[in-house]
Amino acid sequence: MKLRPEIISEIIEMAWRDHVAFEDIENLTGLSEAQTVRLMRAQLKPSSFRLWRQRVTCRVTKHKQKQEMLRL
C-alpha cells in the first residue's frame, strides 16, 4: 500500500498519542496494528522506534480490548 507523506505523518502522530487505540487507527486508515508497527519501524529512527514501542507496550489505552477488561 502506497501512502502519501501527509497520511504517514498523521498515522505517526496518532500512534504516538496515548489515547488513540490501534483499533481507532485501523478504523480511520485501514492499517492493522502489525501494519502500523511496520510503518513506524520504517519511518522512525531506530532509537525513536524503540522508545515508541516500549511506550505503547505498557499502555492499556492503546488496546480497546484491554481497556474494556479493566472496566469489568
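We did not get these values from a lab; they are worked out from the coordinates using the rules stated. Bear in mind the structure is a predicted one, so any value in this text is a computation, not a measurement. Positions of Cβ are generated from backbone atoms using ideal geometry, with glycine treated the same way; all protein chains shown enter the neighbour counts.
Among the numbered conditions (1) surrounded by fewer than 16 Cβ atoms within 10 Å (Cβ to Cβ); (2) farther than 22 Å from GLN54 by Cβ, the only one that THR29 does not meet is (1). Of the residues making up region 51-64, those that are in a helix (DSSP H, G or I) and either in contact with an Asp or Glu (Cβ under 6 Å, 6 or more places away or on another chain) or in contact (Cβ under 8 Å) with a residue 40 or more places away in the chain (or both) number 4.
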